[in-house]
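Note sheet for the following structure.
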Amino acid sequence: MGIVEHRDTRTDPLERSEIARASLALVDADGIGHFTMRRVAERLGVTTMAVYHHFRNKAEVLQAAADQVWIEALLSVREHEDPVESLVQAFLTVRRVFMAHPDITTPAFSSHSADDALHLVSVGMTDWFERAGLVGDQAGRAYFALATYTLGSALIHAERRILDRGVEQSVSDLAALDPGTFALADGSAETYQALRAATEDDPDLTRFEQGLRDIISAFPTT
């Protein structure tokens with residue numbers, strides 16, 4: 001038996017941005033694995049063909065959904081009087097927004113539209129970097145370090161969230177390795193505890209925020 005197409009249950013025009021937002025909500029709720037064009041159509045009260053009128057395939061819809069996260073991040077950034085604080089809070093905001101949408105994080109970072117988002121970020125932050133004393137190549141290097149640190153952290157969080165759903169208890173074979181091979185040297189307890197703490201989740205963002213400040217302070221300013 002063929003698939004029966006539902007009729008539209010709405011009369012107002014369907015917009016691409018509306019499809020994107022509805023798709024993001026579905027992915028946030030159930031993950032990409034359960035996302036289908038039919039489900040987003042049902043959520044919007046339209047036929048599947050109405051969605052295909054705006055997007056050629058599911059990949060394009062997911063890219064548009066990912067763009068919504070970039071838009072949310074860009075619109076959430078606020079400038080502060082202190083330019084260094086502006087940079088720190090901007091990257092904290094980006095990380096927080098992407099952590100709220102873990103299932104769409106990977107598509108968002110691989111999206112063709114990511115270049116557009118990074119262009120807007122760069123335009124918006126140029127003045128902040130220059131006011132913070134980071135000009136030209138120094139600004140580029142600092143931005144690369146900050147962006148890699150921030151987006152990498154968000155991606156790790158996303159992958160953990162997704163994988164943890166399917167693992168009810170630890171099944172790692174790492175504990176079976178000979179512990180003597182990795183014995184601590186005398187006087188290393190403090191470093192060991194710091195490293196253990198650094199591998200744990202940071203719900204208060206304290207370690208992450210300090211890392212941002214450390215990165216910025218590592219670059220000479222003019």
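Numbers for the structure displayed
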| read-out | value |
| --- | --- |
| Assigned charges on the beta-carbon of Lys, Arg, Asp, Glu; the chain dipole about Cα centre (debye) | 720 |
| Read-out Kirkwood radius over Cα pairs in Å, derived from the coordinates shown; its label in (1) 21.8; (2) 18.0; (3) 20.4 | (3) |
| Percentage relative contact order, the chain, counting C-alpha pairs under 8 Å, at least six apart | 20 |
| Normalised contact order of the stretch 93-164, rounded percent, pairs of Cα under 8 Å and 6 or more residues apart | 62 |
| The chain: angle of helix 206-217 to the longest principal axis, Cα-based, in degrees nearest 10 | 70 |
| Whole-percent pair-distance distribution, where bins are 10 Å wide, for the alpha carbons of the stretch 63-184 | 12, 36, 26, 14, 11, 1 |
| Mean Cβ count within 10 Å, highest first, over the residues of peptides 39-46, 130-137 | 39-46, 130-137 |
| GluC sites (Glu not before Pro) restricted to the stretch 180-222 and DSSP loop, no more than 14 other C-beta within 10 Å | 200 |
| Residue-averaged [θ]222 nm for the chain, counting only DSSP H segments that reach four residues, each worth -39500 (n - 2.57) | -20500 deg cm²/dmol |
| Residue 81-residue 144 pseudo-label distance in nm [points 7 Å out on the Cα-to-Cβ vector] | 3.5 |
| Calculated log₁₀ intensity ratio I(q)/I(0) where the Debye formula runs over C-alpha points of the stretch 125-222, q = 0.23, 0.25 Å⁻¹ | -1.20, -1.27 |
| Extension gain, residue 164 back to residue 96 (0.36 nm per residue minus Cα-Cα distance, nm) | 22.5 nm |
| Degrees between helix 137-164 axis and first principal axis of the chain (Cα, 0 to 90, nearest 10) | 60 |
| Length-normalised contact order of the stretch 22-80 in % [C-alpha pairs under 8 Å, at least 6 apart] | 33 |
| Modelled FRET efficiency - R0 25 Å, residue 49 with residue 28, Cβ distances, 0.05 increments | 0.50 |
| Distance between modelled label sites at residue 130 and residue 182, nm, 7 Å Cα→Cβ extension | 4.8 |
| Heavy atoms of residue 162: accessible area, 1.4 Å probe, square angstrom to 10 | 60 |
| Whole-number D in µm²/s for the stretch 66-107 (Stokes-Einstein; Kirkwood sum over Cα pairs; 20 °C, 1.002 mPa s) | 202 |
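The values are calculated or read from the model by the stated rules, or taken from the named source; none is laboratory data. Treat the numbers as computed from the prediction; the structure is a model and nothing was measured. In this analysis, Cβ positions are derived from the backbone assuming ideal geometry, glycine residues included, and neighbour counts consider all displayed protein chains. These accessible areas exclude ligands, DNA and RNA; they are computed on the full protein's heavy atoms, side chains included. Shrake-Rupley method; radii C 1.70, N 1.55, O 1.52, S 1.80 Å.
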